[in-house]
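The values are calculated or read from the model by the stated rules, or taken from the named source; none is laboratory data. Source: prediction; values computed, not measured. Ideal geometry is used to build each Cβ from the backbone, glycine not excepted, and the neighbour counts take in all protein chains shown.
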Amino acid sequence: MGNLTLIGMPGSGKSTVGVLLAKFLGYGFLDVDLIIQQREGALLQDILDRRGVEAFLDAEEAAVTGLMCDRCVIAPGGSAVCREKAARHLRSLGPVVYLRVELAELNRRIQNLSTRGIAMEPGQTLADVMAFRAPLYEQYADLIVDCPAGQPLAQTAQDTLERLRRAGLVPKRG
């Protein structure tokens, strides 16, 4: 199918870059976090607080594996790669791009770590989460885009689009 998925850590810009890429390509945009909230009738942080990380990952996997779309940019939560079935489904929908951001920049961007709805166990740090997930992002990505600290997300979107076009992963013109 002709979709594009953006993966990466919370704070990497998946949603903002995804909306911009959708506009550039003439695609729709799907934010999987919003799908989870609609399906579960609760905010992400509420699901984590009330039901725990494993239940959250189950809900996320169900939302991701239920995606049936075409010509969409998909922004799943950062933990989507934690479940192999979800990650494989995203790959089946089209190219997967890993927006790679350094830990220091993620720490700068994320001001609401405890309320943002990030699937992390009590006592875990963002560094712990990144150490676990980074190899999974690399494993499932067709393309890795490094996002320098301080770079505007609009520039990240433009750079990503150019890289995707050069790699032949999206049409030359949307």
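Structure summary
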| item | result |
| --- | --- |
| Total residues in region 139-174, condition assigned to a helix (DSSP H, G or I) and of a type in the set (A, V, I, L, M) | 5 |
| In region 44-61, residue surrounded by the most Cβ atoms within 10 Å (Cβ to Cβ) [restricted to those that are within 16 Å of D33 (Cβ to Cβ) and acidic (D, E)] | E60 |
| Hits in region 140-152 - residues which are at negative phi and loosely packed, with under 12 Cβ neighbours inside 10 Å | P148, A149, P152 |
| Region 52-95, subset part of a strand (DSSP E or B) and among the β-branched types (V, I, T), residue nearest to A22 (Cα to Cα) | V73 |
| Residue that is nearest to L67 (Cα to Cα) [pool: residues in region 95-105 that are under 15 Å from the mean Cα position of the chain (by Cα) and surrounded by fewer than 22 Cβ atoms within 10 Å (Cβ to Cβ)] | P95 |
| Test for S114: is it at negative phi, at pLDDT 95 or above, among the polar types (S, T, N, Q) and surrounded by fewer than 17 Cβ atoms within 10 Å (Cβ to Cβ) | no |
| Residues (charged (D, E, K, R), touching a helix residue (DSSP H, G or I) at 6+ places or on another chain (Cβ under 7 Å), surrounded by fewer than 18 Cβ atoms within 10 Å (Cβ to Cβ) and assigned to a helix (DSSP H, G or I)) located in region 10-41 | R39 |
| Whichever residue in region 62-92 is of a type in the set (S, T, Y) and surrounded by 15 or more Cβ atoms within 10 Å (Cβ to Cβ) and, among such residues, is farthest from G117 (Cα to Cα) | T65 |
| A134 vs. criteria of a type in the set (A, V, I, L, M), under 14 Å from V32 (Cβ atoms) and in a helix (DSSP H, G or I) | no |
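A quick yes/no check of all residues on (1) without any contact (Cβ under 8 Å) to a residue 24 or more places away in the chain; (2) closer than 22 Å to E138 by Cβ:
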| position | (1), (2) |
| --- | --- |
| I35 | no, no |
| Q38 | yes, no |
| E61 | no, yes |
| V64 | no, yes |
